[in-house]
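Reviewing the structure listed below.
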Amino acid sequence: MSKELIRLQDLTVEFDGERILDGINLYFNDHEFLTLLGPSGCGKTTTLRIIGGFLKPTSGTVTFDGKKVNDVPPYQRQINTVFQRYALFPHLDVYDNIAFGLKVAKLPKDEIKRRVSEMLEIVSLKGYENRSVDSLSGGQQQRVAIARALVNRPKVLLLDEPLAALDLRLRKDMQNELKRIQQATGITFIYVTHDQEEALSMSDTVVVMDKGRIQQIGRPEDIYNEPKNAFVADFIGESNILDGVMLQDYKVRFFGRVFDCVDKGFAPSENVDVVIRPEDIDIVPPEQGHLVGTVTSITFKGLNYDIIVEFKGFKWLIQTTDYHGVGSVIGIRLNPEDIHIMHKSEYSGMFGDYSSYSAEYDELTEDAADEEAE
Amino acid sequence: MKRTNRILTTLIFIFLYIPMVVLIVASFNTGKDITQFESFTFKQYVRLFQDSSLLQLLGNSLIVSILASFCATTFGTVAALGIHNLNPKMRKAAMTLTNIPMTNPDIVTGVSLSLLFVFVGTRMLGQRNSLTFWTLLIAHITFNLPYVILNVMPKLKQMDKSLTDAAMDLGCTPVQAFFRVTLHEIMPGIVSGAIMAFTMSLDDFVISYFVSGLDFVTLPVEIYSYTKKPLQPKIYAMFTLLFLLILVLMIAMNLIQVYGDRKKAHSRTAGI
């Protein structure tokens, strides 16, 4: 068990009477890759700025290595940050940017030189020492920013949406690169992103946030497979979310049928949200199906087709590799492990119904908008 | 259309620069009459450099301008930093307050400063001669300040806010962060503010007239007292030199800017 490094306790932040963070309780372990995930405005960057020392919480405490650090300024924390738009110093070249922190700390010249070139090696930017940072590509600037932070050997590295400005290919490469650097250095990474795929593929622990509150903390697999509420289920991947009644342990009723499931510990006859992932649904001939529905739209996505299927007025999203034309009648089977049960929350009823979603509908409205524009 | 544009532009430039040309021509004239050019000579320039009282005046003006623009640039930059860190509402109010003295008529500023200095000097400090070099310098710093703030503010606004955060993240105290990062970013604004302050100071007559005493007078104030009798041609020579000084300063400022932009653009294209 790795030891706890940072703890946030009852953290609240208010700006002009508006609550940005609302009672955050969270701890970070040493050597951990933890991601704060959420839509914009959920408070993830604010949380990061508090850990970095750029912002003081309205109430609550921040503990670092067992000591309260609420009032410790950023320049006295053993934490470094990779900023969203890198924030490289334009008047300095690559070498001086990376050496900045070491020079401020007044380290001997030869040690600075050794550590900077070691860092350049790690981020594969050897030979770029004297280039101006303006002349680098986005990916290279990104790596300078990482080198500039890591060269100070911080205990914690904060990364604020560091890949947001890069294109898809480069983003994938940098994700692997970051994971590799984190494993090689063993430094705790606290990563902020709104990209769920990024969060799931890189992190040891994912913290899902919304409206200034933590919605769920867990390993990526747990977050995906056992979302705690409709918000998490919808934000992490696509989900069909239905109303159901938990009859007893391992038995849930929805669409007038009782299904076996793997969840337990709910009150008898508790109203629940039932989550079914679009990729978990098996399509079978109508006579073999638990449920029978009609395909109302189909969209080719490359890897698979997204089809919208109507079951008694409720539209589901199903992902399949087989083609099912609009109007065809299909049956579906649900295995017990495909059904995830969640307690009702303030988010119930807000997500997971694809009735309003249809590719044709989107196209129609776009056409209408175009005509209006003309 | 294009042709009329060109003609108009030429006319405007002629209109703007003809007085300077007349002055420059007059400074090389052997005769005393401006209306008649007799022959070319450098004599006026020789005379100018032999006239120690004129040179003394020029020296006075340069001392006041340099000191005033230096102080105004320092205080103005600090003030701009402070204003920039205010919340948006207060910032707007502060900017309006700093802009008012700029639009205030010089004569109002001059008279009110003079009243203040005399009041403080005679009443509170008990001096008989309250208008001195120091009052002149204070007055010049005062009217220069808004120009410096006006030049520095946009650079602060343009600067990426996270640069200061980054500096502090890497171990700088706020003061170190200013000298190591912010200062470099806003330098162009500081330089143009300083040059503007220097030129405003050098050519100020109205305010200086009211706040200078008898023992320290700047060039424009003294020249004003000459105009009751015909001006000596060596003064034209001095004006020509002053004009050239300002011209060189302005060209240098523009070249620095163009060179800086080009260097940035060049390094950017090199990266692609």
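The values are calculated or read from the model by the stated rules, or taken from the named source; none is laboratory data. Note that the structure is a prediction, hence the values are computed from the model and not measured. With ideal geometry, Cβ positions are generated from the backbone for all residues, glycine too; neighbour counts draw on all protein chains shown.
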Self-check item: Residues that are closer than 17 Å to A:K211 by Cα and among the acidic types (D, E), drawn from the stretch A:1-22
Solution: A:D10, A:E14, A:D16, A:E18, A:D22
Exercise. Kindly indicate whether B:L163 is touching an Asp or Glu at 6+ places or on another chain (Cβ under 9 Å), closer than 30 Å to B:L183 by Cβ, part of a helix (DSSP H, G or I) and within 14 Å of another protein chain (Cβ to nearest Cβ).
Key: yes
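Got a sec? Which of A:A164, A:A233, A:A184 is touching a residue at least 24 places away in the same chain (Cβ under 8 Å), on the phi < 0 side of the Ramachandran plot, small (G, A, S) and assigned to a loop (DSSP other than H, G, I, E, B)?
Details: A:A233 fails: assigned to a loop (DSSP other than H, G, I, E, B); A:A184 fails: assigned to a loop (DSSP other than H, G, I, E, B).
One residue alone meets the criteria, A:A164.
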Quiz item: Pick from the stretch B:133-160 the residues that are within 14 Å of chain A (Cβ to nearest Cβ) and either in a helix (DSSP H, G or I) or touching a His at 6+ places or on another chain (Cβ under 6 Å) (or both): which of them is modelled with the highest pLDDT?
Solution: B:K155
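Consider the stretch A:89-106. How many of its residues are in a loop (DSSP other than H, G, I, E, B) and either within 33 Å of the chain's Cα centre (by Cα) or in contact (Cβ under 8 Å) with a residue 60 or more places away in the chain (or both)? Talk me through it step by step, then tell me what you get.
Taking the stretch A:89-106 first, the residues in a loop (DSSP other than H, G, I, E, B) are A:89-92, A:105-106.
Now drop any that are not either within 33 Å of the chain's Cα centre (by Cα) or in contact (Cβ under 8 Å) with a residue 60 or more places away in the chain (or both), which leaves A:89-90.
Total satisfying the criteria: 2.
If you check A:G327 against the conditions, is it modelled with pLDDT under 80 and either part of a strand (DSSP E or B) or not hydroxyl-bearing (S, T, Y) (or both)?
On the way: modelled with pLDDT under 80: no; either part of a strand (DSSP E or B) or not hydroxyl-bearing (S, T, Y) (or both): yes.
Against the criterion (modelled with pLDDT under 80 and either part of a strand (DSSP E or B) or not hydroxyl-bearing (S, T, Y) (or both)), A:G327 does not qualify.
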Quiz item: Does B:T103 satisfy the condition of being over 15 Å from B:A197 (Cβ atoms), over 18 Å from the mean Cα position of the chain (by Cα) and either crowded, with 21+ Cβ neighbours inside 10 Å or of a type in the set (S, T, Y) (or both)?
Solution: no
Quiz item: Considering only residues of the stretch A:78-92 that are more than 7 Å from chain B (Cβ to nearest Cβ), buried (at least 22 other Cβ atoms within 10 Å of the Cβ) and of a type outside the set (S, T, Y), which is farthest from A:L157 (Cα to Cα)?
Solution: A:L88
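Which residues, counting only those in the stretch B:183-225, are among the β-branched types (V, I, T) and over 15 Å from the mean Cα position of the chain (by Cα)?
Taking the stretch B:183-225 and keeping what is among the β-branched types (V, I, T), we get B:186, B:190-191, B:195, B:199, B:206-207, B:211, B:217-218, B:221, B:223.
Matches in the stretch B:183-225: B:I186, B:V211, B:V217, B:V221, B:I223.
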Practice problem: Please work out which one of (1) assigned to a helix (DSSP H, G or I); (2) within 18 Å of B:A237 (Cβ to Cβ); (3) of a type in the set (K, R) is the condition B:R6 fails and give its number. | Solution: (2)
Self-check item: Test: residue in the stretch A:55-66 that is facing chain B (nearest Cβ under 9 Å) and aromatic (F, W, Y)
Solution: no
Quiz item: Would the stretch A:237-250 turn up any residue that is assigned to a loop (DSSP other than H, G, I, E, B) and among the aromatic types (F, W, Y)?
Solution: yes
Quiz item: How many residues are in contact with a helix residue (DSSP H, G or I) (Cβ under 9 Å, 6 or more places away or on another chain), closer than 22 Å to B:M159 by Cα and aliphatic (A, V, I, L, M) when one looks only at the stretch B:82-102?
Solution: 5
Exercise. Check the stretch A:39-51 and report whether any residue there is more than 13 Å from chain B (Cβ to nearest Cβ), buried (at least 18 other Cβ atoms within 10 Å of the Cβ), out of contact with any helix residue (DSSP H, G or I) (no Cβ under 6 Å at 6 or more places or on another chain) and not in a helix (DSSP H, G or I).
Key: yes
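Would you confirm, using the coordinates I've provided, whether A:P227 is within 19 Å of A:F351 (Cβ to Cβ) and modelled with pLDDT under 90?
Values: within 19 Å of A:F351 (Cβ to Cβ): yes; modelled with pLDDT under 90: yes.
It is true that A:P227 is within 19 Å of A:F351 (Cβ to Cβ) and modelled with pLDDT under 90.
Quick one: in the stretch A:209-225, of everything that is among the β-branched types (V, I, T) and surrounded by 21 or more Cβ atoms within 10 Å (Cβ to Cβ), which residue is nearest to A:I20 (Cα to Cα)?
To start, the set of residues in the stretch A:209-225 that are among the β-branched types (V, I, T) comprises A:214, A:217, A:223.
Keeping just the survivors that are surrounded by 21 or more Cβ atoms within 10 Å (Cβ to Cβ) gives A:214, A:223.
Working: A:I214: 12, A:I223: 23 Å.
It comes out as A:I214.
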Practice problem: Tally the residues that are part of a loop (DSSP other than H, G, I, E, B) and more than 14 Å from chain B (Cβ to nearest Cβ), restricting the search to the stretch A:107-125. | Solution: 3
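Can you find, within the stretch A:141-155, the residue that is surrounded by the most Cβ atoms within 10 Å (Cβ to Cβ) among those that are within 13 Å of chain B (Cβ to nearest Cβ) and not in a loop (DSSP other than H, G, I, E, B)?
Start the filter on the stretch A:141-155 by keeping residues that are within 13 Å of chain B (Cβ to nearest Cβ), which leaves A:141, A:144-154.
From what is left, the residues that are not in a loop (DSSP other than H, G, I, E, B) are A:141, A:144-150.
Values: A:Q141: 22, A:V144: 26, A:A145: 25, A:I146: 25, A:A147: 24, A:R148: 32, A:A149: 26, A:L150: 22.
Among those that are within 13 Å of chain B (Cβ to nearest Cβ) and not in a loop (DSSP other than H, G, I, E, B), it is A:R148.
Residue by residue, here is whether (1) crowded, with 17+ Cβ neighbours inside 10 Å; (2) farther than 17 Å from A:D353 by Cα; (3) within 31 Å of the chain's Cα centre (by Cα) holds:
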site	(1), (2), (3)
A:G265	no, yes, yes
A:V272	yes, no, yes
A:E279	no, no, yes
A:Q288	no, yes, no
A:K301	no, yes, yes
A:N304	no, yes, yes
Exercise. Tally the residues that are crowded, with 24+ Cβ neighbours inside 10 Å and among the polar types (S, T, N, Q), restricting the search to the stretch B:187-208.
Key: 2
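So which of A:T61, A:T47, A:T35 ends up being of a type in the set (V, I, T) and over 23 Å from A:E198 (Cβ atoms)?
A:T61
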Quiz item: Looking only at the stretch B:1-56, which residues are over 27 Å from the mean Cα position of the chain (by Cα) and charged (D, E, K, R)?
Solution: B:K2, B:R3, B:R6, B:K32, B:D33, B:E38, B:K43, B:R47
Self-check item: Filtered residue count, the stretch A:126-140, keeping only those that are surrounded by fewer than 22 Cβ atoms within 10 Å (Cβ to Cβ) and within 13 Å of chain B (Cβ to nearest Cβ)
Solution: 10
Quiz item: In the stretch A:4-32, how many are surrounded by fewer than 16 Cβ atoms within 10 Å (Cβ to Cβ) and of a type in the set (A, V, I, L, M, F, W, C)?
Solution: 1
Quiz prompt | Test result for A:L55, buried (at least 16 other Cβ atoms within 10 Å of the Cβ), of a type in the set (A, V, I, L, M) and over 30 Å from A:L168 (Cβ atoms) | solution = yes
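Suppose the filter is closer than 30 Å to A:G237 by Cα, within 14 Å of chain B (Cβ to nearest Cβ) and hydrophobic (A, V, I, L, M, F, W, C); does A:I98 pass it? Spell out the reasoning first.
Details: closer than 30 Å to A:G237 by Cα: no; within 14 Å of chain B (Cβ to nearest Cβ): yes; hydrophobic (A, V, I, L, M, F, W, C): yes.
So A:I98 fails the test.
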Quiz item: Do you know which residues across the stretch B:166-186 are touching a Ser or Thr at 6+ places or on another chain (Cβ under 8 Å), over 20 Å from A:V72 (Cα atoms) and either at the interface with chain A (Cβ under 7 Å from one of its Cβ atoms) or surrounded by fewer than 16 Cβ atoms within 10 Å (Cβ to Cβ) (or both)?
Solution: B:V181
Self-check item: Of all residues in the stretch A:306-317 being crowded, with 20+ Cβ neighbours inside 10 Å and touching a residue at least 60 places away in the same chain (Cβ under 8 Å), the one that is farthest from the chain's Cα centre (by Cα)
Solution: A:W316
